[in-house]
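Worksheet: the structure to be examined is printed underneath.
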Number of protein chains: 2
Amino acid sequence: MTNDVLILEDFMPYRLNRLADAISREFARIYRDRYGLTRPEWRTLAALGQHGTMTATEIGAHSAMHKTKVSRAVAALEKRRWLVRKADANDRRVERLSLTKAGQRVYGELIPVAAAFEAGMLDKLGARQREAVLKGLAALEKAVLRA
Amino acid sequence: MTNDVLILEDFMPYRLNRLADAISREFARIYRDRYGLTRPEWRTLAALGQHGTMTATEIGAHSAMHKTKVSRAVAALEKRRWLVRKADANDRRVERLSLTKAGQRVYGELIPVAAAFEAGMLDKLGARQREAVLKGLAALEKAVLRA
DNA sequence: ACATATTTGTTTCATTTGTAACCATTGAAA
DNA sequence: TTTCAATGGTTACAAATGAAACAAATATGT
């Protein structure tokens, strides 16, 4: 028994997208206003802050970004002197990327901001709801991402 | 006790975004390949299919799109003769938009495809997980979306 | 060793997007 | 009425994006 109308606001892909978009936009406004960062730049900063030294490909894999986005974000951060490139001794195609002191400082400043943002979001939920969100997210990720 | 590292893959905005992006892309490939529709066009089609006749502003509100996206999507669908504009008698700024027969046919064909896509996604989850997803999504929407 | 394929990353080009300016119409205020 | 603000929608322009072509280096197969 196939229906003849789709309730858009009940359609999972739409719901997820709308939600993610609203939340991302809201958070993006913060790092854009404070540091003039774009989303790819923020993600690059976050990836490097978390992992220390990475190649561009690794950044892309770890932050779900197309390689051209990574390339541009890296160039922009380099221009601001928030990251540096070092040649890799073993493989000269690769560049080992890492944050400068300045980059680490910005990253360090953004950590509590990000944490507070997320906490503020979760604080609007009850304990059971929060549990459902985390469980549901994990389940979907397992089912959808690379599954 | 504020931490000094952010685990990006645990950060809710990032997780939601990655998930929504992956799912949306996958579904978008379907209507793009079959009908050459862009996402704004698909959403416009879905909104009109669901509600019958709407103004551009209403479409935007109902499908979470910027008005320029709606404007362009409407123009594209009109060009394909999948929707028509009718002047509003009371307010000449407004145009009452609705699908043509051809548009309705396409919409009708996409319904089961969308339903199957969503079902395929949920079928990968167990009953408890599915429940968690729905509950978590609803909770987040209520907390985040101006609700 | 040599040719070929693959990987890493950048760049070019066309498309998509959002901001802001804009036009036309309607509503509110004086 | 006459002005001014608000609304519905389009368009112009600049920025962001992705696909594909590219250069450089490395890996693989013979």
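Between B:Leu83 and residues 5 or more places away or on another chain, which pairs have amide H atoms under 5 Å apart, with H built 1.01 Å from N, and which residues are they?
The list, which skips near neighbours in sequence, is B:Glu78, B:Thr100.
If Lys and Arg each add +1 and Asp and Glu each add -1, what is the summed charge of the other residues whose beta carbon sits under 15 Å from the beta carbon of A:Thr57?
Details: positive: A:Arg43, A:Lys67, A:Lys69, A:Arg72, A:Arg85, A:Arg92, A:Arg93, A:Arg96; negative: A:Glu58, A:Asp88, A:Asp91, A:Glu95.
Local charge sum for A:Thr57: +4.
Using alpha carbons only, how many angstrom separate the centre of the range B:1-31 from the centre of the range A:118-145?
Result: 12 Å between the Cα centres.
Testing the spin-label approximation: label points 7 Å from Cα along Cα→Cβ at A:Asp33 and A:Leu145. State their distance in nm.
Result: 2.8 nm between the two label points.
Compute a Gaussian network model of chain B, connecting alpha carbons closer than 10 Å, and tell me which residue from B:Val74, B:Val133, B:Val84 fluctuates the most.
The residue with the greatest mean-square fluctuation here is B:Val133.
Shortest first, in nm, what separates the label point of B:Asn3 from those of the same position in the other copies (7 Å along Cα→Cβ)?
In ascending order, 3.8 nm.
Which links in A:Lys142/B:Lys69; A:Lys67/B:Lys124; A:Lys79/A:Lys101 stretch past 23 Å when you go from one Cα to the other?
Cα-Cα > 23 Å for A:Lys142/B:Lys69; A:Lys67/B:Lys124; rest within.
Taking a virtual spin label 7 Å from the Cα of A:Val113 along the C-beta vector, which residues in the range A:51-80 bring their backbone nitrogen under 17 Å of it?
Residues passing the 17 Å test: A:77, A:80.
With θ set to phi - 60° and the Karplus curve 6.51 cos²θ - 1.76 cosθ + 1.60, what are the ³J(HN,Hα) couplings of the range B:3-15 in order, to the nearest whole Hz, using x for Gly and Pro?
Karplus-based 3J(HN,Hα) across the range B:3-15 equals 6, 10, 9, 10, 7, 4, 6, 9, 7, 3, x, 5, 4 Hz.
Calculate for chain B the 222 nm mean residue ellipticity that helices alone would give, adding -39,500 (n - 2.57) per DSSP H run of length 4 or more and normalising by residue count, nearest 500 deg cm²/dmol.
Details: 6 runs with 98 residues, N = 147.
Dividing the helical sum by the residues of chain B leaves -22000 deg cm²/dmol.
Cut-off 10 angstrom, C-alpha nodes, Gaussian network model of chain B. Which of B:Gln50, B:Gln129, B:Gln104 fluctuates the most?
Checking each option, the largest mean-square fluctuation is seen for B:Gln129.
Once the label point is set 7 Å along the Cα-to-beta-carbon vector, what list of distances in nm do you get between A:Leu122 and its counterparts in the other copies?
2.7
Which shape class, rounded, prolate or oblate, goes with the protein assembly as shown when its Cα gyration tensor gives a ≥ b ≥ c as root eigenvalues, a/c under 1.5 marks rounded, and past that a/b bigger than b/c marks prolate? Walk me through the intermediate numbers first.
Numbers: a/c = 1.98, a/b = 1.70, b/c = 1.17.
Judged from the Cα gyration tensor, the protein assembly as shown comes out prolate (a/c at least 1.5, a/b above b/c).
Each value in this text was obtained by applying a stated rule to the coordinates, not by laboratory testing. What you see is a predicted model, and the numbers here were worked out from it, not measured in a lab. No Cβ is skipped: glycine too gets one built from the backbone with ideal geometry, and neighbour counts run over all protein chains shown.
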